[in-house]
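Please read the structure below before turning to the comments.
The values are calculated or read from the model by the stated rules, or taken from the named source; none is laboratory data. As the structure is a computational prediction, the values presented were derived from the model and not from experiment. Because the Cβ atoms are built from the backbone with ideal geometry, glycine has one as well, and the counts that use them run over all protein chains shown. Protein only, heavy atoms only, side chains kept; ligands, DNA and RNA dropped before computing areas. Shrake-Rupley method; radii C 1.70, N 1.55, O 1.52, S 1.80 Å.
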Number of protein chains: 2
Amino acid sequence: MPETVELHPVIAHRWSPRAFTDERIEPQVLRSLFEAARWSASCFNEQPWRFVIATKDQPEEFQKLLDVLVPANQQWASQAWVLGVTVGKTTFTHNGKPNRYGLHDAGAALASLATQASSLGLQAHGMGGFHHDKAREDFGIPEDYELGAAFAVGYVDPGEVPPATRTRKPLEELVFGTEWGKAAL
Amino acid sequence: MPETVELHPVIAHRWSPRAFTDERIEPQVLRSLFEAARWSASCFNEQPWRFVIATKDQPEEFQKLLDVLVPANQQWASQAWVLGVTVGKTTFTHNGKPNRYGLHDAGAALASLATQASSLGLQAHGMGGFHHDKAREDFGIPEDYELGAAFAVGYVDPGEVPPATRTRKPLEELVFGTEWGKAAL
């Protein structure tokens with residue numbers, strides 16, 4: 001067998017582009033992205049993820065989302081059809097106790113959204129670079145919700161390809177046996 | 001168009017079973033699960049995710065992982081071929097500053113792993129119920145890494161089907177416009 005087993009195409013083809021076309025994402029396609037997020041796994045099935053979003057069909061709301069991004073992200077993300085931020089609930093709804101998996105599970109939900117996007121010829125690009133306090137205030141995000149990532153979704157500009165510099169650490173530095181730092185694979 | 005657009009099968013077929021067969025996961029298949037995690041998106045491409053794992057080929061290490069789970073999870077997870085815990089680095093490697101996306105991105109990586117598993121007829125089941133302090137001590141997890149989720153991966157017992165009670169909140173409670181609580185879809 002080859003050294004590296006093939007990834008499923010929807011995973012292998014996912015990446016984070018910085019150039020989108022202004023092609024409309026049809027409402028039912030958009031909905032399917034959040035359906036993918038919705039069916040993610042979460043601790044105690046709390047489903048702590050929430051999404052604040054706007055599309056280019058809503059210029060005023062879209063601008064509000066654009067306004068919370070840092071300038072370097074505004075530049076390219078302004079092209080995308082959808083902008084959003086993810087939010088993770090920090091408490092369990094059934095007993096009010098702290099849930100340390102709020103952001104963890106919101107991250108998982110965003111990954112599922114990105115996979116579904118990739119399967120439909122779209123790409124989602126997550127961003128840490130946005131003004132969390134401004135987003136909380138502008139969108140009325142309650143105190144028991146933690147800000148996650150901003151994200152842009154759209155059809156990728158045909159001239160845009162994954163950068164040759166797209167790199168990852170080797171598995172040997174990421175997957176250990178029960179002794180920390182000792183490669184398991 | 002139908003009310004709910006179809007999810008990609010690798011997402012639609014992912015679930016969290018509690019009954020696995022003891023069928024071996026071939027090393028290259030196992031490796032592909034972590035390849036999927038490896039190519040996840042992360043803030044500044046930090047790749048904060050780490051995995052501590054053991055398979056049934058390594059009875060001693062497998063037992064160590066089983067020992068950190070709470071009894072209710074030990075019962076069913078003992079059948080799985082692989083057990084593991086995810087870990088998220090809490091600082092950026094390039095400047096040592098805090099990275100608030102450690103667990104967020106580890107959650108995303110685990111979701112990618114689960115998607116790849118689902119595409120191969122396997123399932124991954126994440127667990128919050130494990131002893132974090134014991135895991136940190138037993139596996140020598142450094143201070144600047146935060147414990148994420150435990151997880152089991154295996155081939156699903158053919159008699160096991162997704163529970164009829166598998167439920168999620170409606171999209172209307174999860175996806176908002178720029179006004180919190182006001183449904184966007």
Quiz item: B:T4 fails exactly one of the following numbered conditions: (1) at pLDDT below 95; (2) more than 7 Å from chain A (Cβ to nearest Cβ). What is the number of that condition?
Solution: (2)
Exercise. Those residues that are under 23 Å from B:V29 (Cβ atoms) and either open to solvent by 40 Å² or more (accessible area, probe 1.4 Å) or within 14 Å of another protein chain (Cβ to nearest Cβ) (or both), I need them from region B:65-77; list them, please.
Key: B:L65, B:L66
Quiz item: Identify, please: which residue in region B:115-126 is at the interface with another protein chain (Cβ under 7 Å from one of its Cβ atoms) and among the small types (G, A, S) and is, among those, surrounded by the most Cβ atoms within 10 Å (Cβ to Cβ)?
Solution: B:G126
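Taking the options A:F44, A:F62, name whichever one is open to solvent by less than 20 Å² (accessible area, probe 1.4 Å) and among the hydrophobic types (A, V, I, L, M, F, W, C). Walk me through how you get there before you give the answer.
Numbers: A:F44 fails: open to solvent by less than 20 Å² (accessible area, probe 1.4 Å).
Result of the check over A:F44, A:F62: A:F62.
How many of the residues making up region B:134-179 are under 28 Å from A:S32 (Cα atoms), touching a residue at least 40 places away in the same chain (Cβ under 8 Å) and in a loop (DSSP other than H, G, I, E, B)? Please lay out each step first, then the result.
In the first step, residues of region B:134-179 are kept if they are under 28 Å from A:S32 (Cα atoms); the result is B:148-149, B:151-156, B:160-179.
Checking the rest, the ones that are also touching a residue at least 40 places away in the same chain (Cβ under 8 Å) come to B:148-149, B:151-156, B:160, B:162, B:166.
From what's left, in a loop (DSSP other than H, G, I, E, B): B:160, B:162, B:166.
So the answer is 3.
What strands (runs of 3 or more DSSP E) lie completely within region B:20-133 and have 1 or more residues being of a type outside the set (A, V, I, L, M, F, W, C) and within 26 Å of A:P9 (Cβ to Cβ)? Can you show your working first?
On the way: elements: B:49-55, B:82-89, B:122-127.
Counting at least 1 such residues, we get B:82-89, B:122-127.
For the structure I just gave you, tell me whether B:A19 is among the small types (G, A, S) and facing chain A (nearest Cβ under 8 Å). Explain how you work it out, then say what you get.
Details: among the small types (G, A, S): yes; facing chain A (nearest Cβ under 8 Å): no.
No; evaluated as a whole, the condition is false for this residue.
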Exercise. Have a look at A:K56, A:K97, A:K89 and point out the one that is more than 9 Å from chain B (Cβ to nearest Cβ), under 19 Å from B:H104 (Cα atoms) and over 15 Å from the mean Cα position of the chain (by Cα).
Key: A:K89
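Is one or more of the residues making up region A:177-185 modelled with pLDDT under 95 and facing chain B (nearest Cβ under 8 Å)?
Within region A:177-185, the first condition is being modelled with pLDDT under 95, and the residues that meet it are A:185.
Checking the rest, the ones that are also facing chain B (nearest Cβ under 8 Å) come to A:185.
The answer is yes, given that some residue of region A:177-185 is modelled with pLDDT under 95 and facing chain B (nearest Cβ under 8 Å).
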Exercise. Could you please tell me which pairs satisfy a Cβ distance under 7 Å, a separation of 6+ or placement on different chains, a first residue in region A:88-109 that is of a type in the set (A, V, I, L, M, F, W, C), and a second residue that is part of a loop (DSSP other than H, G, I, E, B)?
Key: A:F92/A:E46; A:F92/A:N99; A:A106/A:P48; A:A108/A:S40; A:A108/A:A41; A:A109/A:S40
Quiz item: Do we have A:V29 as within 12 Å of another protein chain (Cβ to nearest Cβ), in contact with a Lys or Arg (Cβ under 8 Å, 6 or more places away or on another chain) and among the β-branched types (V, I, T) here?
Solution: no
Quiz item: Assuming A:A109 fulfils every condition listed in (1) open to solvent by 10 Å² or more (accessible area, probe 1.4 Å); (2) at the interface with chain B (Cβ under 8 Å from one of its Cβ atoms) apart from one, which condition is it?
Solution: (1)
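Which is surrounded by fewer than 20 Cβ atoms within 10 Å (Cβ to Cβ) and touching a Gly at 6+ places or on another chain (Cβ under 8 Å), of A:T21, A:T86?
A:T21
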